1. Pull up the DSSP beta bridges for the chain and report the antiparallel fraction as a percent, rounded to 5.
2. Please report the relative contact order for the chain, taking Cα pairs under 8 Å with a sequence separation of at least 6, and give it as a percent rounded to a whole number.
3. Compute the distance in nm between two label points, each set 7 Å from the Cα along the Cα-to-Cβ direction, one at residue 97 and one at residue 79.
4. For the chain, which whole percent of the accessible surface, found with a 1.4 angstrom probe, sits on carbon and sulfur atoms?
5. Based solely on C-alpha atoms, express the radius of gyration and the Dmax of the chain in angstrom.
6. Per residue, how many Å² of accessible area does the chain show with a 1.4 Å probe?
7. So how much slack lies between residue 86 and residue 58, counting 0.36 nm per residue of separation and subtracting their Cα-Cα distance, in nm?
8. When only the heavy atoms of the protein chains count and the probe is 1.4 Å, how do 78, 86 rank by accessible area, highest first?
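The values are calculated or read from the model by the stated rules, or taken from the named source; none is laboratory data. The structure displayed is predicted, hence computed values, not measured ones. Reconstructed Cβ throughout: ideal geometry from the backbone, glycine too, with neighbour counts over all protein chains shown. Accessible surface areas use protein heavy atoms only, side chains included; no ligands, DNA or RNA. Shrake-Rupley method; radii C 1.70, N 1.55, O 1.52, S 1.80 Å.
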Amino acid sequence: MRADARRATLSCVAATVLIVDDHAGFRSFARALLEAEGFVVVGEATDGASALSLTRTLEPELVLLDVALPDMDGFAVCEALLEDGCGPAVILTSSRDVSSYRRRLERSRARGFIPKSELSGPALAELAGG
């Protein structure tokens with residue numbers, strides 16, 4: 001994925017979302033933001049293993065996935081989610097800027113990247129639909 005395509009805004013392209021982040025405050029913020037934009041948050045996960053399990057169970061159309069998780073990094077989770085060639089749209093997020101992950105993002109099958117400081121419903125929707 002091109003680095004300039006890593007930033008996004010959300011619209012209601014993907015109706016159901018799984019939020020994956022180990023910080024409860026961020027999950028709460030992201031849920032409120034996404035639900036205010038019309039998304040349906042179907043679940044939350046705190047680590048990579050629960051993200052993989054919940055994705056199989058809940059079948060979200062979009063996974064908002066933190067790069068830094070306690071058990072595995074978001075890039076590994078993304079690859080596992082998409083290993084069979086199909087799966088949800090994955091948008092990676094981090095407290096760090098895109099420049100911190102440029103090379104890994106170029107190799108990733110994630111739909112995009114949004115820094116947590118720039119997370120918005122329209123940004124996410126733009127990436128999810130692209």
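1. Values: 1 of 19 bridges.
Around 5 percent antiparallel, to the nearest 5.
2. On the way: 278 pairs, mean separation 49.0, N = 130.
Here the relative contact order equals 38 percent.
3. With each label point 7 Å from Cα toward Cβ, the separation is 2.7 nm.
4. On the way: 2940 of 5990 Å².
In the chain, the share of accessible area belonging to carbon and sulfur is 49 percent.
5. 12.7, 34
6. Working: 5990 Å² over 130 residues.
That works out to 46 Å² per residue.
7. Values: separation 28, 0.36 × 28 = 10.08 nm, distance 1.49 nm.
Separation in residues times 0.36 nm, less the Cα-Cα distance, equals 8.6 nm.
8. Working: 78 0, 86 80 Å².
Final ranking, largest accessible area leading: 86, 78.
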